[in-house]
Amino acid sequence: MTGTMKMLADYATLVTAVAAAWAAYESRRSANASRAAAESQVVYQSMIDYFKPEMTDALRTLVKWREGHGDQYPALWLAAFRRGEQEAAVVDRARRHVKGFFDRAVRLREAKFVSEPAFREMAYTGGLNLYFDIVVPLENELNPSRRTRTEDVLWRDIGRYDADAPRA
């Protein structure tokens with residue numbers, strides 16, 4: 001091979017390497033954009049779910065039960081639920097609805113389907129405090145030996161909701 005041909009071959013190799021690097025960069029950028037778009041859809045759907053009347057009704061049902069039954073509301077609920085009382089069944093559906101919302105957010109985060117900021121957007125709601133203050137005590141009454149993964153993750157990564165606090 002002559003010197004000129006070697007130089008052309010080296011140049012072609014360099015151009016090919018640069019083109020491959022550029023293609024990899026663009027591919028990664030495209031994948032990141034796709035992930036961000038998918039993640040934004042998940043957050044958006046979560047917000048839609050949170051603001052549906054079913055969530056509002058569930059949160060109000062839980063608050064009403066707690067306010068109407070004092071400090072013993074978990075034990076009173078479980079006793080009424082086991083007796084098959086209709087009001088306790090309504091509270092149970094509300095408990096499951098709110099629990100499901102936060103369980104879903106934690107599962108998406110733990111599976112790395114959403115980033116930490118997206119997780120915060122999904123779960124940092126006024127209902128978070130009602131989850132900690134009402135749902136968790138009802139859950140503990142129903143099954144004292146249950147795993148506490150959801151509240152552990154929520155507490156560690158988000159904490160309590162404070163409408164006046166600046167969001168980080």
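The values are calculated or read from the model by the stated rules, or taken from the named source; none is laboratory data. Worth saying up front: this structure is predicted, and the values here are computed from it rather than measured. Counting neighbours? That spans all protein chains shown, and the Cβs are built from the backbone with ideal geometry, glycine included. With ligands, DNA and RNA removed, areas are computed over all heavy atoms of the protein, side chains included. Shrake-Rupley method; radii C 1.70, N 1.55, O 1.52, S 1.80 Å.
The helix-only estimate of mean residue ellipticity at 222 nm for the chain, built from DSSP H runs of length n ≥ 4 each weighted as -39500 (n - 2.57), is -25500 deg cm²/dmol after division by the residue total.
Extending 7 Å from Cα along the Cβ direction at N140 and again at R83 yields two label points whose distance is 2.4 nm. Averaged per residue, the stretch 116-168 has 54 square angstrom of accessible surface, using a 1.4 angstrom probe with ligands and nucleic acids left out. Note on the chain: with neighbouring protein chains present and a 1.4 Å probe, carbon and sulfur make up 57 percent of its accessible heavy-atom surface. Rg ratio for the stretch 37-168: its Cα radius of gyration over 2.2 N^0.38 Å, N being its residue count, equals 1.08. Please state the relative contact order of the chain as a whole percent: Cα pairs under 8 Å, 6+ residues apart? Value for the chain: 23 percent. Only protein heavy atoms count here; under a 1.4 Å probe, T13 has an accessible surface of about 90 Å². Among I48, I134, I158, the sequence by solvent-accessible area, most first, with a 1.4 Å probe is I48, I158, I134. Between S40 and F113, the simple label model (points 7 Å from Cα in the Cβ direction) yields a spacing of 2.0 nm. Taken over the stretch 53-102, the convex hull of the Cα atoms encloses 69 Å³ per residue.
Largest accessible area first, the listed residues K52, K6, K112 line up as K112, K6, K52 when surface is computed with a 1.4 Å probe on the assembled protein chains. Accessible surface for R120 stands near 90 Å², nearest 10, in the context of the full protein assembly shown (1.4 Å probe). One chain, two ends: R147 and W22. Fully extended at 0.36 nm per residue, the span grows by 40.3 nm beyond their Cα-Cα distance. Across the stretch 72-168, the relative contact order, built from alpha-carbon pairs under 8 Å that are at least six residues apart, equals 33 percent. Computed extension length for V63-I48: 3.2 nm, one decimal, from 0.36 nm per residue of separation with the Cα-Cα distance subtracted.
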